[in-house]
1. Can you pull out every residue in the stretch 162-179 that is in contact with a strand residue (DSSP E or B) (Cβ under 8 Å, 6 or more places away or on another chain), surrounded by fewer than 21 Cβ atoms within 10 Å (Cβ to Cβ) and assigned to a helix (DSSP H, G or I)?
2. Could you check the stretch 30-56 and list, in sequence order, the residues that are at pLDDT 95 or above, closer than 20 Å to residue 115 by Cα and among the small types (Gly, Ala, Ser)?
3. Looking at 9, 20, which is the one that is in a strand (DSSP E or B), surrounded by 13 or more Cβ atoms within 10 Å (Cβ to Cβ) and of a type in the set (Val, Ile, Thr)?
4. I'm trying to understand the selection: among the residues of the stretch 69-105, which are surrounded by 23 or more Cβ atoms within 10 Å (Cβ to Cβ), touching a residue at least 40 places away in the same chain (Cβ under 8 Å) and assigned to a strand (DSSP E or B)?
5. I'd like to verify a number: residues in the stretch 10-28 that are closer than 16 Å to residue 59 by Cα, at pLDDT below 95 and not hydroxyl-bearing (Ser, Thr, Tyr), how many?
6. Return the total of residues in the stretch 107-152 being among the aliphatic types (A, V, I, L, M) and surrounded by fewer than 23 Cβ atoms within 10 Å (Cβ to Cβ).
7. Where residues in the stretch 147-161 are at pLDDT below 95 and part of a helix (DSSP H, G or I), which of them is nearest to the chain's Cα centre (by Cα)?
8. Taking residue 43, is it out of contact with any helix residue (DSSP H, G or I) (no Cβ under 7 Å at 6 or more places or on another chain) and outside any loop (DSSP other than H, G, I, E, B)?
Amino acid sequence: MREHEGVLILASQSPRRREILAAAGYEFAVVPANVPEVRAENEDAAAFVQRLAKEKACAVAVDPDCIVIGADTTVVVGDCVLEKPVDRHDAVRMLRLLSGRGHEVLTGICLRRGANILSDVVSTRVYFSELSEAEIDAYVATGEPMDKAGAYAIQGLASKFIERIEGDYFNVVGLPIALVYRRLKTLE
């Protein structure tokens, strides 16, 4: 018998995904998938997050009765795909792009139980207020943007920059929990 038999597995290191699942009342184990998060040349953002979510869900070796959740999130503004910033300058560049305009947050999810795989992509539209250079610099100096797609955390210090959203708030945080719940019901 393998470890984690008959349980829900989150194949992610994201503390935000852990918080969302726990807040929704799920008991689960975390088994991070070691998958390179590199977008293929000409791969569109939706295909990218869906592919990574599936690769993460399939990379975890668990008992066939376990349900594994893989997820990946990215931000798209205009023609630019904004992943996690590589450094402070990259975070500043991203926040300048987001300032005063709307963008899409895409999260790919994949649920796997044995050979049964369910995969989806969720999109949420987020509108940023106009940011001054001083606001951008102060926010980047906090360090919060550095491990976030699009260089911001809607649930954190950047919440004051968000004018409105159209769609699923939890998708922007990193896990569209209502969709995960619906998909889990089909795999149980």
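The values are calculated or read from the model by the stated rules, or taken from the named source; none is laboratory data. Small disclaimer: the values here were computed from a predicted structure and weren't measured. Don't worry about glycine lacking a Cβ; one is built from the backbone with ideal geometry, like all the others, and counts go over all protein chains shown.
1. Looking only at the stretch 162-179, we keep the residues that are in contact with a strand residue (DSSP E or B) (Cβ under 8 Å, 6 or more places away or on another chain), and these are 162-169, 171-172, 174-176, 179.
Pick out the ones that are also surrounded by fewer than 21 Cβ atoms within 10 Å (Cβ to Cβ) and you get 162-169, 179.
The answer is 169, 179.
2. Across the stretch 30-56, the qualifying residue is only 53.
3. Answer to the check: 9.
4. Hits for the stretch 69-105 are 69, 70, 71, 73, 75, 82, 105.
5. Within the stretch 10-28, residues that are closer than 16 Å to residue 59 by Cα, at pLDDT below 95 and not hydroxyl-bearing (Ser, Thr, Tyr) number 1.
6. Residues flagged as among the aliphatic types (A, V, I, L, M) and surrounded by fewer than 23 Cβ atoms within 10 Å (Cβ to Cβ) within the stretch 107-152 amount to 11.
7. It comes out as 149.
8. Details: out of contact with any helix residue (DSSP H, G or I) (no Cβ under 7 Å at 6 or more places or on another chain): yes; outside any loop (DSSP other than H, G, I, E, B): no.
Here the answer is no, as residue 43 does not meet what is asked.
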